[in-house]
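Structure, as structure tokens:
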Amino acid sequence: MLISLITVCYNSAHTLERTIESVASQSYENIEYIIVDGGSSDSTVDIIKSHHHVISQWQSEPDKGIYDAMNKGIALAKGEVIGFLNADDVFANVDILTQVAKEFDDDKLEAVFGDIEFVKNERVVRKYSSRDFKPQNFADGWMPAHPSFYARKALYNRCGNFRIDFKIASDFDLLMRMLKVYPANYKYLPMTFVKMAPGGVSNQSFKSRILLNKEIMQSCKEHGIKTNVLRIYFKYLKKIFEYV
């Protein structure tokens, strides 16, 4: 089974090489590794070129944001299964994609996801577990960890790609379509897929959190999911227990 793994990046010279090396270290060999660069002005493209033996396809051109870049990667993907690895993330171990491929031997399975860890100075500071996820959790503004999410390309064909009018919550909107609105047959894997740095665009500032939750509520409304502000913001109390 061919797995298409997509990394989107922009001016990521300080982190991208580590991500590429993590892909190269995977024990699973049938990987189509795609990098979509937003037209970087640093040495990102030079790093991509220097790892041509690992990268199956790449392009560098301006885009309309991270979700537009992700959609470009999906359009390029030839694999039966698609996953994403951010430009500052690494796999938790060398057998992640081997395990993913093994699960997809079940022809009825359409998506898998697991856990992620946030690491600072080589120490785990937060664990995000998708273990307790149920489709009704979307009404609480909570979803499985997207960096651990792998789905058949047929599921994208059925549910659509990332919407680019959302700036922060398009991954939430997409997973809600896949797992709730047009429900896929999915499976949770009790393992850490990815280690990543703390932060991210949705946590950069109080303003970012407000925009994130505004988009989440808009997405829920458009898909007929009943929610309210209190339910959406209550998730931040639960996040306290994720910190180590």
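The values are calculated or read from the model by the stated rules, or taken from the named source; none is laboratory data. Not measured: the values here are computed from a predicted model. In this analysis, Cβ positions are derived from the backbone assuming ideal geometry, glycine residues included, and neighbour counts consider all displayed protein chains. Ligands, DNA and RNA are stripped out before the accessible areas are found, and what is left, the full protein with its side chains, is counted by its heavy atoms. Shrake-Rupley method; radii C 1.70, N 1.55, O 1.52, S 1.80 Å.
Full-extension gain between Lys226 and Lys49, please, as 0.36 nm times their residue separation minus the C-alpha to C-alpha distance.
Taking Lys226 through Lys49 to full extension adds about 59.0 nm, to one decimal.
Quick one: putting +1 on the C-beta of Lys and Arg, -1 on the C-beta of Asp and Glu, what dipole do you get for the range 45-188 around its Cα centre, in Debye to the nearest 20? Show your work: numbers first, answer last.
Values: 20 positive and 21 negative charges, 57 e Å.
For this selection, approximately 280 debye.
Could you pull out the GluC sites (Glu not before Pro) across the range 107-197 that fall in loop regions by DSSP (anything but H, G, I, E, B) with no more than 14 other Cβ atoms inside 10 Å?
Here the GluC sites (Glu not before Pro) that fit, given the DSSP loop and packing criteria, are Glu122.
Taking 8 Å as the Cα distance limit and 6 or more residues as the minimum spacing, I'd like the relative contact order of the chain as a percentage.
The normalised contact order for the chain reaches 21 percent.
Taking the C-alpha atoms of the range 22-144, how large are the radius of gyration and the largest Cα-Cα span, Dmax, in Å?
Answer for the range 22-144, Rg first and Dmax second: 16.3, 45 Å.
Taking the Cα atoms of the range 87-170 alone, what are Rg (to one decimal) and Dmax (as a whole number) in Å?
Reported Rg and Dmax, both Å: 14.6, 41.
Could you work out the relative contact order of the range 99-244? I mean the mean sequence separation of Cα pairs under 8 Å and 6+ apart, divided by the number of residues, in percent.
Values: 214 pairs, mean separation 47.9, N = 146.
It comes to 33 percent, rounded to a whole number.
Report, for the chain, the % of DSSP beta bridges that are antiparallel, rounded to 5.
35
Take the solvent-accessible surface of the protein heavy atoms, probe 1.4 Å, and return the percent of it on the range 1-93 that carbon and sulfur atoms account for.
On the range 1-93, the fraction of accessible area on carbon and sulfur atoms equals 48 percent.
Treating only the Cβ atoms of Lys and Arg (+1) and Asp and Glu (-1) as charged, compute the dipole magnitude of the chain about its Cα centre; round to the nearest 20 debye.
With Lys and Arg at +1 and Asp and Glu at -1, about 1200 debye.
For the pair Glu61 and Arg18, what calculated FRET efficiency results from E = 1/(1 + (r/R0)^6), where r is the Cβ-Cβ distance and R0 = 30 Å, to the nearest 0.05?
Computed FRET efficiency for Arg18 and Glu61: 0.80.
Report the FRET efficiency, 1/(1 + (r/R0)^6), for Lys153 and Gln218, where r is their Cβ-Cβ distance and R0 is 22 Å, rounded to 0.05. All intermediate terms of the calculation are to be shown ahead of the outcome.
Working: r = 27 Å, r/R0 = 1.22.
Calculated value: 0.25.
Could you report the chain's accessible area per residue, 1.4 Å probe, as an integer in Å²?
Ligands and nucleic acids excluded, the figure is 48 Å² per residue.
Magnitude of the Cβ-charge dipole of the range 117-172, K/R +1 and D/E -1, about the Cα centre, nearest 20 debye?
140
Can you divide the C-alpha Rg of the chain by 2.2 N^0.38 Å and report the result to two decimal places?
It is 0.96.
Report the residues of the range 132-161 in range of a label on Asn185: point 7 Å along Cα→C-beta, backbone N strictly under 19 Å from it.
Under 19 Å, as judged by backbone N against the label point of Asn185, lie 135, 150-159 of the range 132-161.
Using only C-alpha positions, report the orientation-averaged shadow area of the convex hull of the range 124-244, nm², one decimal.
Mean projected area for the range 124-244: 7.6 nm², to one decimal.
Given that compact globular proteins tend to follow 2.2 N^0.38 Å, what is the ratio of the alpha-carbon Rg of the range 47-102 to that value?
Rounded to two decimals, the normalised Rg is 1.27.
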